[in-house]
Amino acid sequence: MAYDGIVACAPVTVSYRRFSINSAHWWIGRALHDLTRAAGIKPSDIDGLILSSFTLAPDTAVGVTQHLGLTPRWLDHAPFGGACGIVALRRAARAVQCGDAQFVACVAGDTNHVDSFRKTLTTFSRFAQDAVYPYGSGGANACFALITKNYMNLYGARREDFGKLCVDQRDNALAIPFAMMKKPLTLDEYMNARPISDPLHLFDCVMPCAGAEAILVCREDVARSLHVPFVRLLATIERHNAFPDDPIQYRGGWAMDVDELWQMAGVTPSDVDLLETYDDYPVIVTMQFEDLGFCHKGEGPEFIRSHDFTVDGSFPHNTSGGQLSTGQAGAAGGYLGLTEATRQLTGKPIGHAVKDAKIAAVSGFGMINYDRGLSSGAAVLARAS
Amino acid sequence: MTRPLEPPKRKNPLKKTKQPLYPQSIRSRTAQGLTAAAALGRFELQKCLDCDAVIYPPRDVCPKCLSARVPFVPVRNGGQVLAETTIRTSTDPYFRERTPWRTGLTKLDVGPVVLSHLHGDVREGARVRLDLRLDKGGAPVMIALPDQETQHMADDPQLREMTCDPKFRRALITDGRGAVGQAMAQAFSEAGASIVFVGVADPWKPFPGQDALSKISCVEIVPLDVTDSESVTEQAEQIGGRVDIIVNTAEHVRPGGIMQRHGLTVAREEMDIRYFGLLRLAQAFGPGMRARGADGTNSAAAFVNLLSVHALMNWPQYGGYSAAEAAALSAAQCLRAELRPGGVKVLNVFFGPLETEWFQTVPPPKVAPAALARAVVQALQRGQEELFVGDIAQDIRARLAVNPKALERELG
């Protein structure tokens, strides 16, 4: 069923910080504060809330309503890591479309205390506790090192290919004030960076940080009455634990649902003006190029070699720098592409604008439970004509 | 190719002893099924009784058919390494001081894909056998070993973190007067221990086998009487800092239950030697061992208790003896928890009647002291926590698992 008249607006980013002494509640509170300002609504107008955070314990979304003084009639919790932005958008859109809520605030925020990252790793999942963390405690780096190595063996990807993605994204990030990485990156620097977990080196890995992101979902007529710029939602997909029999992950859930995505959106990959992928590691970006239909399976490396991924390039990609440059603000990383694509399509980018951007695709990926990412999702957004 | 271990250099007493660390040892209750298998040196995974799927990581429900009947059973451990990585940065203090550390994903022939430690002789794409071991924290972990034995295989640094190999370690055999202690000294010497201290109470009293014992290479006889707190403490002061493995061979086998005996004299002796003897050794040597669990090639590694399998179920014919063994077993479980933070394992070895004078009237099968000693060394080389030696011990264990009440009736 099409998302008739459902829009996203008021993208918010609370400037990232490497470490924060504040709580996740504080970060989520700032994001919602900025969201109400951007949309021109009062906190009491928020009658729908969907929330993602890794560092909210012992609270859940319910506790947060009282903490923040909100009284929503529709509430959801989206613990999907890097897929949380897409899933939240998808849930919120149907809630608004069906009249369960008028304004659904979609928000993700995490703090990063000095020891948060290690603590998050040790207790991430039961499988992580039983079958991953005791094996060198390399965290997601070690898991993606194996996935990367396998992908390189299978399809002949080289470190230089992944490096090109990182270098181009860094170029995009230089215009983004909240990005953790502020210096240009050269391919030499990428290649010579210190090894983390072979074949991954320093610039293949995101820097954990604190931050929050939010976006508002409502009806188009409501957005118009508020005079807020908005984007139309054309299509979304979502999948969890796809292809469980693949011995190692070489494709994500997108590959199961990609036909439905483009069919529902009524556009094709060649119509897309900018793509925001979930870039926890470059190998996953490469899989998204393939699985979302921008090239065939196994052609990812060649696709990378034949394109320029900067804002002015032949294939504008992760136009705010992606998490590899801005840092990974916990669950907020799952919103980075969504807020950026919304800004680009409404003509209000923080950094450089993609020329004449009409259609954007955004994808998410998350939750390394054992040996692979389990959740995937994607959305196609269109500029309001 | 594994580089053979170098004999450890003499320790510089001015240098700080590295404090023991261990990998995260928290596991789900279901994953403790792996602990049970690893403790016995077995390879077991869950298998669905309804659809035969082999399951890993441990689950409470079969991911193929949603059955909840998923017990741990022995399965074939062959597989192929799909991808490997060398971890160079780790958030965990234990691994941080041991990087680079190799891990990989292995596709088992029986189905699941397993993330495991990699032996140094294992390469990406190679055929391997996965083994379940207990790591420094006593938690179960998988390690991929070469399909075929390789040279100096046991010396691999990652593997050696999971074993208590006597090679280049210093052992204390607490009682060398008996056949078991002497066989143990021989086995440790053959396994490459650098010193085998052998305790003898009242060394001026001659005993059978004395000459042969003193001729075993690396054996050093020391005065030690486990019934004398002063003797134990004194010996710990002398050699405590150099004891990496203790094997408590002090035994006291006397027939009889409760009512055949008059008074408590024999029972007191039994408890004094077996229960209090263990406590004396543990109090005198334990703290030092726990502090030296990460002290290089010859770090403290294991405390071995030799126990009658009747510690698990009383044998009324040797009822008093069984009770003292049960007390020693219970203390050993406590000791295991206390030594675990130091990365020191407690190996409990269960056996039936031994081929010794005090079991003279008991019919075979009986366990020869030399066989017991060889089994102990092998279990240490594998890093096991439990060992059942001989047919009687295996039989009792199996019957206990099926129906403890039947076993109790049948023994009495």
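Observations on the model:
- Calculated on alpha-carbon atoms, Rg and Dmax of segment A:113-228 in Å: 18.9, 56
- Relative contact order %, chain B, counting alpha carbon pairs below 8 Å whose residues are six or more apart: 16 percent
- The mean number of Cβ atoms from other chains found within 10 Å of a Cβ in peptide B:50-60 is 2, as a whole number.
- Computed label-point distance, nm, for sites A:SER270 and A:LEU202 using a 7 Å Cα→Cβ extension: 4.3 nm
- GNM result for chain B, Cα springs below 10 Å: residue of B:THR233, B:THR91, B:THR174 fluctuating most strongly: B:THR91
- Among the residues of A:242-252, the average count of other protein chain beta-carbon atoms within 10 Å of the residue beta-carbon is 2.
- Those lysines that a straight Cα-Cα span of less than 20 Å connects to B:LYS64, excepting residues fewer than 8 apart in one chain: B:LYS47, B:LYS107
- Placing a pseudo-label 7 Å from each Cα along the Cα-to-Cβ vector at B:ILE258 and B:ARG127 gives an inter-label distance of 5.8 nm.
- Unpaired cysteine residues in chain B (no second Cys Cβ under 4.7 Å): B:CYS164, B:CYS218, B:CYS334.
- Residues with amide H under 5 Å from that of B:LYS345, placed H, sequence gap 5 or more: B:ALA302, B:PHE303
- Subtracting the Cα-Cα distance of B:GLN394 and B:GLU410 from their residue separation scaled by 0.36 nm leaves 4.2 nm.
- Using Cβ point charges alone (K and R +1, D and E -1), the dipole size of segment B:170-411 about the Cα centre works out to roughly 540 debye.
- Cβ-derived FRET efficiency at R0 60 Å, A:ARG73 paired with B:LYS215, nearest 0.05: 0.10
- Dipole magnitude of chain B, debye to nearest 20 (Cβ charges: Lys/Arg +1, Asp/Glu -1, about Cα centre): 1140 debye
- Taking only the Cα atoms of segment B:170-411, the radius of gyration and Dmax are 17.1, 52 Å.
- Label point distance in nm, A:SER225-A:HIS240, each placed 7 Å from Cα along Cα→Cβ: 3.5 nm
- What you get for the protein assembly as shown, charging only the Cβ of Lys and Arg (+1) and of Asp and Glu (-1), is a dipole of about 1100 debye around the Cα centre.
- At R0 = 30 Å, FRET efficiency that the Cβ-Cβ distance of A:LEU154 and A:VAL114 yields, to 0.05: 0.20
- Dmax and Rg, reported as Rg then Dmax, of the protein assembly as shown (C-alpha, Å): 32.1, 105
- Per residue convex hull volume, Cα atoms of chain A, in Å³: 122 Å³
- If both residues of a DSSP beta bridge must be in chain A, then about 75% of such bridges are antiparallel.
- For B:LYS11, the lysines whose Cα falls under 25 Å of its own Cα, not counting residues fewer than eight places away in the same chain, are B:LYS136, B:LYS167, B:LYS345.
- Note on B:LYS205: lysines with a C-alpha under 20 Å away, same-chain residues under 8 apart excluded, are B:LYS215.
- Positive-end ranking of B:PRO63, B:GLN80, B:ALA126 along the dipole of segment B:32-160, with charges on Cβ about the Cα centre, is headed by B:PRO63.
Read the figures in this text as sums done on the coordinates, not as results from a lab. What you see is a predicted model, and the numbers here were worked out from it, not measured in a lab. Please note: Cβ atoms are built from the backbone with ideal geometry, for glycine as well, and neighbour counts cover all protein chains shown.
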